[in-house]
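J.: One structure is given below, represented as structure tokens, and several questions about it will come after.
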């Protein structure tokens, strides 16, 4: 699914934290409110009855921690509902230059993955 440049990606309520820094961020990164730190999304596991029993017996963790890379961490921070997809693409291109090329396809792919995981919705 292609994301319209006029759509507004919005994070759904979930637990997430900022972890280690990716190093010194450029002035462009800082000016757009990107922390340049790794985002870790915490997802609660949804077990079936049998899986729940096995998880208790085997003491399996109840939460899955999903660390994001540098570009997806920045994208996650930008998807706060105040910017359109087109604005996010412009910011990502300005901040990450050749690392994000082609920005439209890469950001669209990442947002679609977040949508599949029920972490993001698109407002038109």
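Each value in this text was obtained by applying a stated rule to the coordinates, not by laboratory testing. Since the model is a prediction, treat every value here as computed from it, not as a measurement. Note: ideal-geometry Cβ built from the backbone for every residue, glycine included; neighbour counts use all protein chains shown.
J.: Quick one: among 112, 72, 97, which has the greatest mean-square fluctuation in a GNM of the chain with alpha-carbon springs under 10 angstrom?
T.: Comparing 112, 72, 97 in a Gaussian network model of the chain, the most mobile one is 97.
J.: Just to confirm the number: angle between the C-alpha axis of helix 85-96 and the first principal axis of the chain, 0 to 90 degrees, nearest 10?
T.: Helix 85-96 sits at roughly 80 degrees to that axis.
J.: Need one number: nm distance between label points at residue 45 and residue 112, each 7 Å from Cα along Cα→Cβ, rounded to one decimal.
T.: Output for this residue pair reads 2.9 nm.
J.: What distance in nm separates the two pseudo spin-label positions at residue 30 and residue 105, each 7 Å out from Cα along the beta-carbon direction?
T.: So the label points at residue 30 and residue 105 sit 3.4 nm apart.
J.: Sorting 22, 114, 53 on the 10 Å Cβ count, fewest up front, what's the list?
T.: Least to most surrounded, the residues fall as 53, 22, 114.
J.: Right, next: Note the angle between two axes, namely the Cα long axis of helix 103-116 and the longest principal axis of the Cα atoms of the chain, as a number of degrees from 0 to 90, rounded to the nearest 10.
T.: Compared with the principal axis, the helix lies near 20 degrees.
J.: Let me ask something else. Most mobile of 59, 106, 11 per a Gaussian network model of the chain (Cα springs, under 10 Å)?
T.: Evaluated over the chain, the most mobile residue of the options is 59.
J.: Considering only 71, 12, 58, give the residue with the highest GNM mean-square fluctuation for the chain, with springs between Cα atoms whenever their separation is below 10 Å.
T.: Its mean-square fluctuation being the largest, the pick is 58.
J.: Further question on the same structure: If you compute semi-axes √(5λ) of the Cα gyration tensor in Å for the structure shown, which of (i) 30, 18, 11; (ii) 27, 17, 13; (iii) 24, 22, 12 do you land on?
T.: Entry (i).
J.: Would you mind pulling out the separation of the Cα centroids of region 1-58 and region 71-120, in Å?
T.: Region 1-58 and region 71-120 have Cα centres separated by 13 Å.
J.: Taking 0.36 nm per residue of separation and subtracting the Cα-Cα distance, what length does fully extending residue 82 through residue 55 add?
T.: The residue 82-residue 55 span can extend by a further 5.8 nm.
J.: A further question on this structure: What nm value, rounded to one decimal, do you get for the distance between residue 66 and residue 18 when each label is placed 7 Å out toward the C-beta?
T.: Once both label points are built, they end up 2.1 nm from each other.
J.: Something else: What ranking of 46, 80 emerges when the number of other C-beta atoms within 10 Å of each C-beta is taken as an exposure proxy, fewest first?
T.: 46, 80
J.: Still on this model: Mean residue ellipticity at 222 nm from the helices of the chain, using -39,500 (n - 2.57) per DSSP H segment of n ≥ 4 over the full residue count, to the nearest 500 deg cm²/dmol?
T.: -12000 deg cm²/dmol
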